[in-house]
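Enquirer: This is the structure, below, for whatever I ask next.
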Amino acid sequence: MKKLFTAVMLFAASIVFAQNTITKVPKDASIVASIKGENLTQLMSVEELNNSFVMQEMLKELSRKEADYSSIEDFGVNIKASSHYFFQVNDSIMYNAFIIPISNGDKFDAFVKNTNSRHEFVDNNGVRSFKDNSEGGIIWNDNTLVIVEGSLVDSYFNDKTVAKRYGLKPDNIYGYTDDAVTEAIEVEEAETVKEASEEIYEEEEIEETVIESTEDNNTYNYYDSYNTNYDIKRTLSKQWDLKKAKEVLLQIEANSILKNKSYLSSIDNTAEATLWVNDFGKIYSQMLGSAYFRDLAGFNLGAMYADNNLTAKLFLEDDKMMLNTKYTMSDMMAKSYKKMSSRKLNKKFFDYVNEDKMIAYMSYAMDTKAMLEEYPKLMKSIYQNMPYYGEEAVLAIDLFSLLLDEEAVAEVLKGDMLFLLSGISKQEVTYTTYEYNDDYEYVEVEKKKTETLPDFLLMASSDDSEIITKLIKYSKNKEFVTFNDGFYTFKEKSSPISLHFLIKDDIIFVGTSAVEMKKIVTGTFNAKVSSKHKNIMSKNNYSMYVSAQQLADQLPIEEMGIDRSGKLEWFLNTSEDAYITASKIKGNTVDTNMVIGVPSSQENALKYIFDIIENIAK
């Protein structure tokens, strides 16, 4: 069974749309993911796939003496059709389901027999499933395989009416049941009365007898109840899984996800893989709707994320791979987020960026004042319905907002920042250790060693740096920091890194390079930044960039001893630039893009992925 499931999951990573298996996904599914085999086989032929390291290893693993597999097509799976996953939840069970297209029913039957010989399957008018429901929700016909794995919702079965319906015994984590305790006490009291009429016992002795008897009975009842309940739930889960699998296999298009307008708007036939999440609020409410979260914690995540949905698309192209996500918010959250994300990155930051030395950067632009005003409002939607302390929680949030001067905080830190990793350098550092001297005394000794350290620069906008200046002056007076060449330095004796900082042109600078700090002070910093990177940083609320080539050139891999196999060096030398951006909100939607370049030596992104796996795995 394990081999069968492993193989099917690997097939799902290689397929999607000749057979219209999407019609098998129910219209009320909360999450749907698809992989499009037709698109993937255009990037990598079946022959190339069979000859790849990944597939050769899989074929070797699945082959047996009585079944020698030489091609993925020998399994009977249609790798040129669509494969899907969906998540569906109700009050009693959460379903994870996989839908895999089949091209040859006879080949797939033979494959199942060879990989799962211990369990016999039965054929009922062309629909196959395992005999005696031994494998739960696995079912297939000549066209489609459906695998359903369900997780029961514990809170549903904690209800006494439900528990009685399914024959469950009450139990709890303390090792006893309330009914068992009551019954034990009643029995013991009856015995005590009877014994008292015959012979008088000391009070302490009677109490001890009751407790011991009750404890013995409780221990037995707890484990008996636990094992019985486990067996009942396990059987019930398998039955429900198989029932759901049959429903999915036989479902008609009228009941499918194709009747969901939100899902239809997310379809993109040019993407190699897609993910659609319908409503985070509904999912949170259903998944966290147990008695524990509802009555004890009281967090109402469902209210905060109501009507929030997400669409993600993976594109594998000749020169890059790109993951695009669109996160759509509710009107309430979008209104708050627009205020929080209204700030732009300070253009003065670009005067201190040298692209020729830049290994990586991360930019961030949010409005501090708006965040401090809007975030408490969002928190109220989570806490206000807490059954015991909801009113107190809301009051605490209001008091926090009242006491906090949002405008004053925003003047100190406006909310936009730029972090630059500008180099990796070797520095001779002094460190303290302990050794025995000639008199065999354990004494403190200072030594020197060479460390490989990052050179970074952090910039943050500030319109009112008075409080920060006061803190710096206080630190200087207390000799926590030193002042030289126009900037301050903090050096912790146990740390090899010195932090330098200064305030200039309404910018707070914090960095590790004294040379760069001197240039900032004197106005001689040699800035160089292309329009490409200016656009990435200035047109998005968040961005992150990594230059694999700069990292490969500057990272002393051999001297650091971090890559004895040579795989990291190979990866860095064959990688291209990568970046992530999160756009400013448009309407109610935020776009996020992750882009990784593909080397010119590779035909396309899919073959590049297989090449990476092969070189790292070998």
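Every read-out reported here was derived from the displayed coordinates using simple, explicitly stated rules and does not represent laboratory data. Being a predicted model, the structure only gives us computed values, none of them experimental. Virtual Cβ from ideal backbone geometry, glycine too; neighbours counted across all protein chains shown.
Enquirer: What's the Kirkwood radius of the stretch 29-146 in Å, using all Cα pairs?
Expert: The Cα-based Kirkwood calculation yields 15.8 Å.
Enquirer: Follow-up question, since we're still on this one. Please compare each pair in Lys447/Lys476; Lys449/Lys478; Lys60/Lys107; Lys60/Lys113; Lys320/Lys607 to a cut-off of 20 Å on the Cα-Cα distance and tell me which ones are over it.
Expert: Over 20 Å apart, Cα to Cα: Lys447/Lys476; Lys449/Lys478.
Enquirer: Ala67 to Asp577: extension gain in nm, 0.36 nm per residue of separation minus the Cα-Cα distance?
Expert: 179.2 nm
Enquirer: May I ask for the net charge around Met329, where only other residues with Cβ less than 15 Å from the Cβ of Met329 are counted and Lys, Arg are +1 while Asp, Glu are -1?
Expert: +3
Enquirer: Distances over 21 Å make up what percent of all Cα-Cα pairs in the stretch 468-589?
Expert: 63 percent
Enquirer: Right, next: Report, in listed order, any pair from Lys357/Lys470; Lys357/Lys586; Lys164/Lys238; Lys326/Lys534 with a Cα-Cα distance greater than 28 Å.
Expert: The pairs that break the limit, which is 28 Å between Cα atoms, are Lys357/Lys470; Lys357/Lys586.
Enquirer: Okay, next question. With label points built 7 Å along Cα→Cβ from the Cα atoms of Ser475 and Asn158, find their separation and express it in nm.
Expert: Those two pseudo-labels are separated by 4.8 nm.
Enquirer: Right, next: Here are some pairs, Lys261/Lys377; Lys338/Lys377; Lys36/Lys244; Lys426/Lys528; which of them have Cα atoms lying more than 20 Å apart in this structure?
Expert: Lys261/Lys377; Lys36/Lys244; Lys426/Lys528
Enquirer: While we're here: What does the charge dipole of the stretch 416-617 about its Cα centre add up to, to the nearest 20 debye, if the Cβ of each Lys and Arg holds +1 and the Cβ of each Asp and Glu holds -1?
Expert: Computed about the Cα centre, the dipole is about 920 debye.
Enquirer: Moving on to the next point. Points 7 angstrom from Cα along the Cβ direction at Lys347 and Leu499: gap in nanometres?
Expert: Inter-label distance under the simple model: 3.2 nm.
Enquirer: A further question on this structure: Efficiency by 1/(1 + (r/R0)^6): what FRET value for Asn535 and Lys491, r their Cβ-Cβ distance, R0 = 51 Å, to the nearest 0.05?
Expert: The value I calculate is 0.85.
Enquirer: If I stretch the segment between Trp570 and Thr270 completely, what's the gain in nm (0.36 nm per residue apart, minus their alpha carbon distance), one decimal?
Expert: 104.9 nm
Enquirer: Please list 3J(HN,Hα) in residue order for the stretch 358-373, calculated via the Karplus relation 6.51 cos²θ - 1.76 cosθ + 1.60 where θ = phi - 60°; whole Hz, with x for glycine and proline.
Expert: Calculated HN-Hα couplings, in order: 6, 8, 7, 8, 9, 10, 8, 9, 9, 8, 4, 4, 5, 5, 5, 8 Hz.
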